[in-house]
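J.: To start, I am sharing the structure in question, which I have written as structure tokens.
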Amino acid sequence: MVSKSKVTYFCQECGHESLKWFGRCPGCNSWNSLVEELKVDNKKSWLGQQKSTGLPQKLTEISFSEEERIDTGIPEFNRVLGGGLVPGALIMLAGDPGIGKSTLTLQTANLVKTSGTVLYVTGEESPQQIKMRAQRLEVANSNLLILAETNLEIIEEQIKKIQPTFMIIDSVQTIYMPQITSAPGSVSQLRECTAKLMELIKNQGIPTILVGHVTKEGAVAGPRVLEHMVDTVLYFEGERHYQYRVLRGLKNRFGSTNELGIFEMTDRGLKEVENPSQAFLAERPTDGSGSIVVACMEGTRSLLVELQALVSPTVFGQPRRMTSGTDYNRVNMIMAVLEKRIGLCLGSYDAYVNIAGGLKIQEPALDLGIALALASSFKNKVINKDIIVLGEVGLTGEVRAVNHLEKRLSEASKLGFKRGIIPYGNLKAQQSYPIKVSGVKTVQEALELALEG
Ligand code: TYD
Ligand code: MG
């Protein structure tokens, strides 16, 4: 056991070290920047078994084989991880409370393709509560052990004894190191616990999912430093009242970060959505103004989503603008373009823009869709339901080319769309497209095409 005297306080701003806590750092005078930290004399390497020799090596001579990844048993999850779990990887799964993190991790614990023991450490729920959920999810993995514990020392002992091949810690905000006096969930505890876990699992090669809650501002509660320490940061998001959930990578040392996993919350846990475009368009009205379908790219696949806009006269005072699922500033910019370049007088109108299904998408290719949806609602003219649009809008009202045109159009064709309004810059001579396309150079041209007749 480490004695109390090994605890010191460090300033997060300037690194000033002190034996006592101060409200204001004596080094740099910033307020509330001192956090408690364990002072470890022989800092161990996180590189695990591969101890550093202290000598540089030629890159060409370093031996490496593509790591054995463990299949999570959930293809959408594997996709976001970059192909599965890498041994020794520490994965942070962050999300709002109640979004489904515990559900996803329990389902993974059930389905993961390892022959060894799976250890689920819970600091939030009792084993009985987990059992209840497990019954609902039909969990039948006899190699799954549940440990209800928050003291990291005891967790460590158990890890060494059980030698699990996959582990889940739910959640990082509840575990604590007894040597540190501050409460679980505080900056010092989060940091030290994560560092300790990192060392443990790297040495034993156990892939581990660390569940973390996020604050109102959307960051993982606690310092950003947690995001730097772990190998992978995944966000599980969605509107609580919609059934869809999106798993998104923010950082991944073992794969790309722009893959999405799409799930649906059912009464029997999370189900993968096989055909997301179809699911997101299922409830689309066919005769309302202000609705249009855009083909976005999320990672390597194209996703069709419905964009809706509502423009209505402002009754009192300042016009309101609200967006859900898209970038607020981008919508404002597009409204300014419509006003200045097209002459739509939106100044005394409220505007609401929404992506149906509770999805969040930020991609420039959405711009033209936003512009057309707003104009369609403003003029109260319905856009033909067989049309999809894509294109980035510039400040002069020009429509700019987008990437991955073929993938977007082939997804549209699969779902029965007949016509695409696309950037002129994307058109290539002698190329055949899966649907009929019209290239436009400006928002004005796109408007004329979409709202004609
Ligand atoms: P949970 O996994 O406990 O969320 P988190 O760990 O992120 O806080 O999920 C909680 C919500 O999910 C809860 O509101 C109930 C809902 N839910 C279902 O709709 N179906 C299910 O099968 C399960 C297990 C949960
Ligand atoms: Mg939970």
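The values are calculated or read from the model by the stated rules, or taken from the named source; none is laboratory data. Note that the structure is predicted; figures quoted are calculated from it, not measured. All Cβ positions, glycine included, derive from the backbone under ideal geometry; neighbour counts span all protein chains shown.
J.: Among (1) of a type in the set (Phe, Trp, Tyr); (2) within 16 Å of ligand 2 (Cβ to nearest atom); (3) part of a helix (DSSP H, G or I), where does Tyr235 come up short?
T.: Checking Tyr235 against (1) of a type in the set (Phe, Trp, Tyr); (2) within 16 Å of ligand 2 (Cβ to nearest atom); (3) part of a helix (DSSP H, G or I), the one that fails is (3).
J.: Which residue out of Lys385, Lys360 is of a type in the set (Lys, Arg), within 30 Å of Ile99 (Cβ to Cβ) and part of a loop (DSSP other than H, G, I, E, B)? Let's see the steps before the verdict.
T.: Numbers: Lys385 fails: within 30 Å of Ile99 (Cβ to Cβ).
Only one candidate qualifies: Lys360.
J.: When you go through Met335, Met322 one by one, which is the residue that is in contact with a Phe, Trp or Tyr (Cβ under 7 Å, 6 or more places away or on another chain) and either buried (at least 23 other Cβ atoms within 10 Å of the Cβ) or aliphatic (A, V, I, L, M) (or both)? Even if it seems obvious, please write down each step before you answer.
T.: Numbers: Met335 fails: in contact with a Phe, Trp or Tyr (Cβ under 7 Å, 6 or more places away or on another chain).
None of the other options fit; the residue is Met322.
J.: Among the numbered conditions (1) in contact with an Asp or Glu (Cβ under 7 Å, 6 or more places away or on another chain); (2) more than 13 Å from ligand 2 (Cβ to nearest atom); (3) β-branched (Val, Ile, Thr), tell me where Thr114 comes up short.
T.: (1)
J.: Further question: Which of the residues that make up segment 378-392 are polar (S, T, N, Q) and buried (at least 24 other Cβ atoms within 10 Å of the Cβ)? So that I can check it myself, show each step before the final result.
T.: At the first step, the residues of segment 378-392 found to be polar (S, T, N, Q) are 380, 384.
Answer for segment 378-392, where residues must be polar (S, T, N, Q) and buried (at least 24 other Cβ atoms within 10 Å of the Cβ): there is none.
J.: Here's a follow-up. Working only within segment 261-296, note down all residues that are over 14 Å from Gly358 (Cα atoms) and either crowded, with 21+ Cβ neighbours inside 10 Å or basic (Lys, Arg) (or both). So that I can check it myself, show each step before the final result.
T.: Within segment 261-296, the first condition is being over 14 Å from Gly358 (Cα atoms), and the residues that meet it are 261, 266-275, 278, 285-296.
Once the filter is applied, which keeps residues that are over 14 Å from Gly358 (Cα atoms) and either crowded, with 21+ Cβ neighbours inside 10 Å or basic (Lys, Arg) (or both), segment 261-296 yields Gly261, Arg268, Leu270, Lys271, Ser289, Gly290, Ser291, Ile292, Val293, Val294, Ala295, Cys296.
J.: Output the residues belonging to segment 83-111 that are aliphatic (A, V, I, L, M), more than 12 Å from ligand 1 (Cβ to nearest atom) and under 15 Å from Phe166 (Cβ atoms). Quick ask: steps written out before the conclusion?
T.: To start, the set of residues in segment 83-111 that are aliphatic (A, V, I, L, M) comprises 85-86, 89-94, 99, 104, 106, 109, 111.
Subset that is more than 12 Å from ligand 1 (Cβ to nearest atom): 85-86, 89-92, 109, 111.
The answer is Leu85, Val86, Ala89, Leu90, Ile91, Ala109, Leu111.
J.: Then there is this: Closer than 18 Å to Leu90 by Cβ and within 15 Å of ligand 1 (Cβ to nearest atom): is that true of Ile159 in this structure? Break it down stepwise before answering.
T.: Details: closer than 18 Å to Leu90 by Cβ: yes; within 15 Å of ligand 1 (Cβ to nearest atom): no.
So Ile159 fails the test.
J.: Oh, and also: What single numbered condition from (1) farther than 30 Å from Glu406 by Cα; (2) touching a residue at least 24 places away in the same chain (Cβ under 8 Å) fails to hold for His228?
T.: (2)
J.: Which residues, counting only those in segment 89-111, are of a type outside the set (Gly, Ala, Ser) and more than 13 Å from ligand 2 (Cβ to nearest atom)? Explain how you work it out, then say what you get.
T.: Filtering segment 89-111 down to residues of a type outside the set (Gly, Ala, Ser) leaves 90-93, 96-97, 99, 101, 103-108, 110-111.
Residues satisfying the conditions are Leu90, Ile91, Met92, Thr108, Asn110, Leu111.
J.: Provide a single number: the residues in segment 423-448 that are more than 18 Å from Cys296 (Cβ to Cβ), outside any strand (DSSP E or B) and either in contact with a Gly (Cβ under 6 Å, 6 or more places away or on another chain) or not assigned by TED's automatic domain parsing to the domain that holds Ala336 (or both).
T.: 3
J.: List every residue pair whose Cβ atoms lie under 9 Å apart, where the two residues are 6 or more positions apart in sequence or sit on different chains, the first residue falls within segment 254-272 and is among the aromatic types (Phe, Trp, Tyr), and the second residue, located anywhere, is within 16 Å of ligand 2 (Cβ to nearest atom).
T.: Pairs found: Phe263/Gly100; Phe263/Leu104; Phe263/Phe236; Phe263/Gly238; Phe263/Arg245; Phe263/Leu247; Phe263/Leu270.
J.: Looking at segment 103-118, can you tell me whether even one residue there is closer than 24 Å to His228 by Cα, in contact (Cβ under 8 Å) with a residue 24 or more places away in the chain and touching a strand residue (DSSP E or B) at 6+ places or on another chain (Cβ under 7 Å)? Before you say what the answer is, go through the steps one by one.
T.: Residues of segment 103-118 that are closer than 24 Å to His228 by Cα, as a first pass: 104-105.
Retained after the next criterion (residues that are in contact (Cβ under 8 Å) with a residue 24 or more places away in the chain): 104-105.
This time we only want the ones that are touching a strand residue (DSSP E or B) at 6+ places or on another chain (Cβ under 7 Å), so: 104-105.
Yes, segment 103-118 contains a residue that is closer than 24 Å to His228 by Cα, in contact (Cβ under 8 Å) with a residue 24 or more places away in the chain and touching a strand residue (DSSP E or B) at 6+ places or on another chain (Cβ under 7 Å).
J.: Restricting segment 388-416 to residues that are among the hydrophobic types (A, V, I, L, M, F, W, C), under 29 Å from the mean Cα position of the chain (by Cα) and not in a helix (DSSP H, G or I), which is modelled with the lowest pLDDT?
T.: As a first pass, look at segment 388-416 and keep what is among the hydrophobic types (A, V, I, L, M, F, W, C): 388-390, 393, 395, 399, 401-402, 405, 409, 412, 415.
Adding the requirement that they be under 29 Å from the mean Cα position of the chain (by Cα) leaves 388-390, 393, 399, 401-402, 405, 409, 412, 415.
From the residues that got through so far, the ones that are not in a helix (DSSP H, G or I) too are 388-390, 393, 399, 401-402, 415.
Working: Ile388: 94, Val389: 95, Leu390: 94, Val393: 96, Val399: 96, Ala401: 95, Val402: 94, Leu415: 91.
By that ranking, first place goes to Leu415.
J.: Return the only residue of Ser188, Ser171, Ser115 being surrounded by fewer than 18 Cβ atoms within 10 Å (Cβ to Cβ) and either small (Gly, Ala, Ser) or more than 28 Å from the chain's Cα centre (by Cα) (or both). Can you show your working first?
T.: Values: Ser188 fails: surrounded by fewer than 18 Cβ atoms within 10 Å (Cβ to Cβ); Ser171 fails: surrounded by fewer than 18 Cβ atoms within 10 Å (Cβ to Cβ).
The match here is Ser115.
J.: Give me the pairs: first residue in segment 423-439 and more than 19 Å from Ala371 (Cα to Cα), second residue among the hydroxyl-bearing types (Ser, Thr, Tyr), beta-carbon distance under 6 Å, and six or more apart or on different chains, which are they?
T.: Note: pairs meeting the criteria are Pro434/Ser410; Pro434/Ser413; Ile435/Ser413.
J.: I would also like to ask the following. Go through segment 259-315 and give me each residue that's assigned to a strand (DSSP E or B) and β-branched (Val, Ile, Thr).
T.: Pass one, segment 259-315, residues assigned to a strand (DSSP E or B): 260-266, 269-272, 291-298, 301-313.
Passing the criteria: Ile262, Thr266, Ile292, Val293, Val294, Val305, Val311.
J.: Only one of (1) modelled with pLDDT of 85 or more; (2) farther than 30 Å from Asn384 by Cα is not met by Glu259, so which one is it?
T.: Against the list (1) modelled with pLDDT of 85 or more; (2) farther than 30 Å from Asn384 by Cα, Glu259 comes up short only on (1).
J.: What pairs can you find where one residue is in segment 304-325 and closer than 16 Å to Leu346 by Cβ, the other is of a type in the set (Val, Ile, Thr) and part of a strand (DSSP E or B), and their Cβ atoms are less than 7 Å apart, with a gap of 6+ or different chains?
T.: Pairs found: Ala309/Val353; Thr323/Val353.
J.: Let me ask something additional. Output the number of the condition that Val121 fails; it satisfies all remaining conditions of (1) crowded, with 23+ Cβ neighbours inside 10 Å; (2) under 22 Å from Glu153 (Cα atoms); (3) away from ligand 2 (no atom under 13 Å from the Cβ).
T.: Val121 satisfies every listed condition except (3).
J.: Being more than 13 Å from ligand 1 (Cβ to nearest atom) and modelled with pLDDT under 95 is the requirement here; does Thr114 meet it?
T.: yes
J.: While we're looking at this one, here's another question. Out of Arg408, Arg419, Arg400, which single residue is among the basic types (Lys, Arg) and in contact with a Leu (Cβ under 7 Å, 6 or more places away or on another chain)? Break it down into steps so the answer makes sense when it comes.
T.: On the way: Arg419 fails: in contact with a Leu (Cβ under 7 Å, 6 or more places away or on another chain); Arg400 fails: in contact with a Leu (Cβ under 7 Å, 6 or more places away or on another chain).
Of Arg408, Arg419, Arg400, the one residue that is among the basic types (Lys, Arg) and in contact with a Leu (Cβ under 7 Å, 6 or more places away or on another chain) is Arg408.
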